[in-house]
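Since the structure comes first, as structure tokens, the remarks are kept for the end.
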Amino acid sequence: MAEKSFKYVILGGGVAAGYAAREFAKQGVQPGELAIISKEAVAPYERPALSKAYLFPEGAARLPGFHVCVGSGGERLLPEWYKEKGIQLILSTEIVKADLPAKTLVSAAGETFKYQILIIATGSTVIRLTDFGVEGADAKNIFYLREIDDADKLLEAIKAKKNGKAVIVGGGYIGLELAAVMKINHFDVTMVYPEPWCMPRLFTPDIAAFYEEYYANKGVKIIKGTVAVGFTSDSNGEVKEVKLKDGRALEADIVVVGVGGRPLTTLFKGQVEEEKGGIKTDAFFETSVPNVYAVGDLATFPLKLYNELRRVEHVDHARKSAEQAVKAIKASEEGKSVDEYDYLPYFYSRSFDLSWQFYGDNVGDTVLFGDSNPKSPKAKFGSYWIKDGKVVGAFLEGGTAEENQAIAKVAKLQPSVQSLEAVKHEGLSFACKI
């Protein structure tokens, strides 16, 4: 097959790829210089929509409505936009070999792609129960959610199993968002997770208690402290029961699994320095191999605010790291420099009528403030994390845009506090006066 050569190649077609392409266009990339190689069949889109509006029974989000960069209030980049800019979208193409010293990528179909500068934006893949040999985990109607194809298959099952029983395995982001969306689709929903409370990587027990009770009030059943150890299926191979470690069995027409992800770094093993499960980069997202950059979920980068190397799995960082890498690439070509990446960790989620945001670091002592009664018509509460006498993290449920900006500012500036009691008493007003 003929070899194709580009000055710049972005490997991966997710959020980071779309935002990198937009930044290349802003920086004046020439037609024919840039290619995006993606195993997905569609142009880059805002992935968070898949666990939210894409699955709604009414007013559902559909492409082309949520192509990047609408998730951050930017222009929507339709496939025609890439054509207009002379950016080649190479879709439905899986790369199976990467030779960094030779600056070559090879696809499953045997095509060869050469590049001068590579941006690795392959993101993460979901952890599957089949990876652990869970009995019956290959049954039909057991779903994972990462790509639009996954969401489409789940949608088909939602229609086919109308008003059925859904079991959600996992109590993190995907678990909470999918439990809500399945309930909105009139399913009988049970969540199962091994931890003592939901979202344990971020939530304190107090924060989690609000969401667990809110979900229970919506009719979602929650089983904590146990895991799915097997599945039984009917004569059609469709899942019918989830077997739990504690001996219980749950009827299920649909199972959605959200037990985490792992960075897609396999292609580059032994060719590039790795750390903390990802590809190690500098503050400009360049790896240990010159002219090879890594962005988004799989980059382990210097988090300047905390003076440590971190890997961040979130759409906000995917967008911003992609833009930073492109700015650094173009600046170096012109003999200029850009500022080091200075990221404030940010996470958010929306489910039912709830919407929370978190900024900073969830370490140290915590104080809960506000109205955290799940039965309140419009609950609004938050938490601060305080370490060494400074606020290092802030969480807010039900905040306005201005209030969310205030908690972000607090997490960034890290103001000193006199006592936990004083901050608890001031609550949200502490952030709003900074």
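The values are calculated or read from the model by the stated rules, or taken from the named source; none is laboratory data. Because the structure is predicted, anything quoted here is derived from the model rather than measured. When we count neighbours, we look across all protein chains shown, and the Cβ atoms used for this are built from the backbone with ideal geometry, even at glycine. Please note that ligands, DNA and RNA were not included when accessible areas were found on the heavy atoms of the full protein model with its side chains. Shrake-Rupley method; radii C 1.70, N 1.55, O 1.52, S 1.80 Å.
Odds and ends about this structure:
- Residue match in region 108-127 (condition: in a strand (DSSP E or B), in contact with a Phe, Trp or Tyr (Cβ under 6 Å, 6 or more places away or on another chain) and not hydrophobic (A, V, I, L, M, F, W, C)): yes
- A394 passes every criterion in (1) closer than 29 Å to N217 by Cβ; (2) in contact (Cβ under 8 Å) with a residue 40 or more places away in the chain; (3) buried (at least 18 other Cβ atoms within 10 Å of the Cβ) apart from (2).
- Scanning region 70-85 for residues being closer than 20 Å to A41 by Cβ, assigned to a loop (DSSP other than H, G, I, E, B) and in contact (Cβ under 8 Å) with a residue 24 or more places away in the chain gives a total of 2.
- Verdict on T204 being touching a residue at least 40 places away in the same chain (Cβ under 8 Å), among the polar types (S, T, N, Q) and more than 24 Å from K140 (Cβ to Cβ): yes
- Residues that are of a type in the set (S, T, N, Q) and part of a strand (DSSP E or B), drawn from region 264-312: T300
- For the criterion of being open to solvent by less than 40 Å² (accessible area, probe 1.4 Å), farther than 30 Å from V295 by Cα, in contact with a helix residue (DSSP H, G or I) (Cβ under 8 Å, 6 or more places away or on another chain) and outside the structural domain of D206 (by the TED database), L344 fails.
- Residue match in region 164-178 (condition: of a type outside the set (D, E), open to solvent by 30 Å² or more (accessible area, probe 1.4 Å) and part of a loop (DSSP other than H, G, I, E, B)): no
- Single condition T190 does not satisfy, out of (1) free of Cβ contacts under 8 Å to residues at least 40 places away in the same chain; (2) among the hydroxyl-bearing types (S, T, Y); (3) more than 22 Å from W356 (Cα to Cα): (1)
- Flag: S235 does not match the condition of being polar (S, T, N, Q), assigned to a loop (DSSP other than H, G, I, E, B), touching a Ser or Thr at 6+ places or on another chain (Cβ under 9 Å) and open to solvent by 20 Å² or more (accessible area, probe 1.4 Å).
- Some residue of region 295-314 being of a type in the set (S, T, N, Q), open to solvent by 30 Å² or more (accessible area, probe 1.4 Å), at pLDDT 95 or above and at negative phi: no
- Residue match in region 183-195 (condition: within 20 Å of D297 (Cβ to Cβ), surrounded by fewer than 17 Cβ atoms within 10 Å (Cβ to Cβ) and under 21 Å from the mean Cα position of the chain (by Cα)): no
- I127 being closer than 24 Å to Y214 by Cα, among the aliphatic types (A, V, I, L, M) and open to solvent by 10 Å² or more (accessible area, probe 1.4 Å): no
- The number of residues in region 356-379 that are part of a strand (DSSP E or B), over 13 Å from I207 (Cβ atoms) and within 25 Å of the chain's Cα centre (by Cα) comes to 2.
- Looking across I434, I407, I386, one residue alone is free of Cβ contacts under 8 Å to residues at least 40 places away in the same chain and outside any loop (DSSP other than H, G, I, E, B). It is I386.
- Residue in region 1-53 that is most open to solvent (accessible area, probe 1.4 Å), counting only those that are closer than 15 Å to I148 by Cα and assigned to a helix (DSSP H, G or I): R47
- Residues that are assigned to a loop (DSSP other than H, G, I, E, B) and either more than 24 Å from the chain's Cα centre (by Cα) or among the aliphatic types (A, V, I, L, M) (or both) within region 238-263 comprise K245, D246, G247, R248, A252, D253, V259, listed in sequence order.
- Test: residue in region 54-66 that is assigned to a loop (DSSP other than H, G, I, E, B), loosely packed, with under 15 Cβ neighbours inside 10 Å and among the acidic types (D, E): yes
- Residue pairs meeting the criteria (Cβ under 8 Å; at least 6 apart or on separate chains; first hydrophobic (A, V, I, L, M, F, W, C), in region 100-116; second part of a loop (DSSP other than H, G, I, E, B)): L100/Q271; L100/V272; L100/V289; A108/T93; A108/E94; A109/M1; A109/T93
- Within region 216-232, the residues that satisfy the criterion of being under 20 Å from A179 (Cβ atoms), open to solvent by less than 30 Å² (accessible area, probe 1.4 Å) and assigned to a strand (DSSP E or B) are I223, A228, F231.
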